[in-house]
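A short write-up of the structure that comes next.
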Amino acid sequence: MRRTDCLEALARHVTDADIVLPVYSTAFDWIDIRPHPLNYLSHGAMGLASSHALGLALGRPDKRVIVIDGDGSLLMNLGSLVTIGAAAPPNLFHFVCENGTYEANGGHPIPGRDKVDFAGLARASGYRVVYDFSDLGVFEKQIGAVLSETGPVFADLKISTGGPQERDYSRLHGPHVRKAFRDALAAS
Amino acid sequence: MPSAGTAIREAFLDGASIIREIKASRIEFVVSVPDITTSEGLLRPLAQGTDPRLIRVCKEDEGVGICAGLSYCRRRALLLIQQTGLFDSINAIRGVAVEYGLPICMMVGLLEKEPGVPPRQSKRYGVRIVEPVLEAMGVTYHEIEAEADVEKIAPAIDTAYAEMRPVVLLIGRRPS
């Protein structure tokens, strides 16, 4: 699957009330596809987006919190799967875009590429529902149902490596981005 | 920036007093990896209650992210860890707490610190370097060594949230 096709399918089911945390390469695609002040873009580095998502899910149980992780990012914070499984927030939806590479850092392969089973890890960590998608048509048909589940929900998206991107990191880490999110969340 | 602890040779630290201060600070979540200094006096009693809610994490930098997310929701949180976990989380604290300007409040047990000895004068390298590292990062800290220091906790947390910056509360002896 192409990442942008998956994100476009997902965006069709994301509402104005949802919080979305896209990571690295996915973030640059996502903010073009679905620009919105409730995109949470400043989660530092080293795979912490899923942890930020857990904080948001605990802090705002009235909202769906959707994290769109990378496989390399998730490997840096694998323990968060166990933490999320234990905390069991019903409003947390954890997608991982699995392309087997550190795409934002030169395209080098992740450890365990083609061996690691992200869906299996999530299932063993206590996620309530786990999906594994490798066919866009199936994903498009099921994404609505996925987002209607009681969480924590995990979905592994098998994607191809993305194309070249213009990566202006101020679009993710600039203070204006965080202020826009903070203001939007307070008003929402 | 630093706030020295009260040096009382026979000093003790009451865990119940610290927990009262945590609650007085309107902390709703305690996020923790167990730390031997605070295990019995703080973490165990906190685990027996429901307010604040305890979130157990696998690694301390997860906690920085969780507390960050909660801060955007205007929910107060405290990260209860050991200085080894603080060191392991330096990049998260650097990026998320300091550079983003978020009120990440950390209560840090000082493993192997000698009671009554200021951290900088500890014989333990892993204790001696804590305050210089925090100063290099520009992170405010307070020593909580004796009962008289406990009253620093709530104002320190209030200030962190008011000024949107991290704070570290260094627990220098095992609370009873």
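Checking the stretch A:20-30 against the condition returns no match, with no residue being of a type in the set (Val, Ile, Thr), touching a Leu at 6+ places or on another chain (Cβ under 6 Å), modelled with pLDDT of 95 or more and under 22 Å from A:His173 (Cβ atoms). Criterion applied to A:Phe154, A:Phe181 was being away from every other protein chain (no Cβ under 12 Å) and among the aromatic types (Phe, Trp, Tyr), and the one residue passing it is A:Phe154. Out of B:Arg44, B:Arg74, report the one residue that is surrounded by fewer than 22 Cβ atoms within 10 Å (Cβ to Cβ) and away from every other protein chain (no Cβ under 11 Å). After ruling out the rest, the residue left standing is B:Arg44. Taken together, B:Ile81, B:Ile66, B:Ile27, B:Ile55 contain a single residue that is surrounded by 17 or more Cβ atoms within 10 Å (Cβ to Cβ), in a helix (DSSP H, G or I) and either among the hydrophobic types (A, V, I, L, M, F, W, C) or away from chain A (no Cβ under 14 Å) (or both), which is B:Ile66. For the stretch A:19-74, a residue qualifies if it is in contact with a helix residue (DSSP H, G or I) (Cβ under 7 Å, 6 or more places away or on another chain), under 15 Å from A:Gly162 (Cα atoms) and charged (D, E, K, R), and the qualifying residues are A:Asp29, A:Asp69, A:Asp71. Filtered by the rule that a residue be in contact with a Cys (Cβ under 9 Å, 6 or more places away or on another chain) and basic (Lys, Arg), the stretch B:75-127 gives a lone residue, B:Arg76. Restricted to helices (runs of 4 or more DSSP H) entirely inside the stretch B:109-176, no element has at least 1 residues that are in contact with a strand residue (DSSP E or B) (Cβ under 8 Å, 6 or more places away or on another chain), modelled with pLDDT under 95 and under 18 Å from B:Ile93 (Cβ atoms).
May I ask you to list the residues in the stretch B:90-108 that are farther than 20 Å from A:Val67 by Cβ and more than 10 Å from chain A (Cβ to nearest Cβ)? Once the filter is applied, which keeps residues that are farther than 20 Å from A:Val67 by Cβ and more than 10 Å from chain A (Cβ to nearest Cβ), the stretch B:90-108 yields B:Ile90, B:Val98, B:Pro103, B:Cys105, B:Met106, B:Met107, B:Val108. A single entry from A:Ala104, A:Ala87, A:Ala187 fulfils the requirement of being in contact (Cβ under 8 Å) with a residue 24 or more places away in the chain and under 27 Å from A:Lys63 (Cβ atoms): A:Ala87. Selection over the stretch A:26-37 of residues that are touching a residue at least 40 places away in the same chain (Cβ under 8 Å), in contact with a strand residue (DSSP E or B) (Cβ under 7 Å, 6 or more places away or on another chain) and surrounded by 22 or more Cβ atoms within 10 Å (Cβ to Cβ) gives a count of 1. For the stretch A:119-145, the set of residues classified as more than 28 Å from B:Val57 (Cα to Cα) and not small (Gly, Ala, Ser) consists of A:Phe133, A:Asp135, A:Leu136, A:Val138, A:Phe139, A:Glu140, A:Lys141, A:Gln142, A:Ile143, listed by residue number.
Annotation: A:Pro111 fulfils all but one of (1) within 14 Å of chain B (Cβ to nearest Cβ); (2) at pLDDT below 95; (3) in contact with a Leu (Cβ under 9 Å, 6 or more places away or on another chain); the unmet one is (1).
Looking at the stretch B:90-108 only, could you name the residues that are of a type outside the set (A, V, I, L, M) and part of a loop (DSSP other than H, G, I, E, B)?
Of the residues in the stretch B:90-108, the ones of a type outside the set (A, V, I, L, M) are B:91, B:94-95, B:99-101, B:103, B:105.
Correct list: B:Tyr100, B:Gly101, B:Pro103.
Filtering A:Ala53, A:Ala86, A:Ala11 for residues that are over 24 Å from B:Phe29 (Cα atoms) and among the hydrophobic types (A, V, I, L, M, F, W, C) leaves a single hit, A:Ala11.
Within the stretch A:109-120, the only residue that satisfies the criterion of being of a type in the set (Gly, Ala, Ser) and either on the phi > 0 side of the Ramachandran plot or outside any helix (DSSP H, G or I) (or both) is A:Gly112.
The values are calculated or read from the model by the stated rules, or taken from the named source; none is laboratory data. A quick note: this is a predicted structure, and the numbers were derived from the prediction, not measured. Glycine gets a Cβ as well: all are built from the backbone with ideal geometry, and neighbour counts include every protein chain shown.
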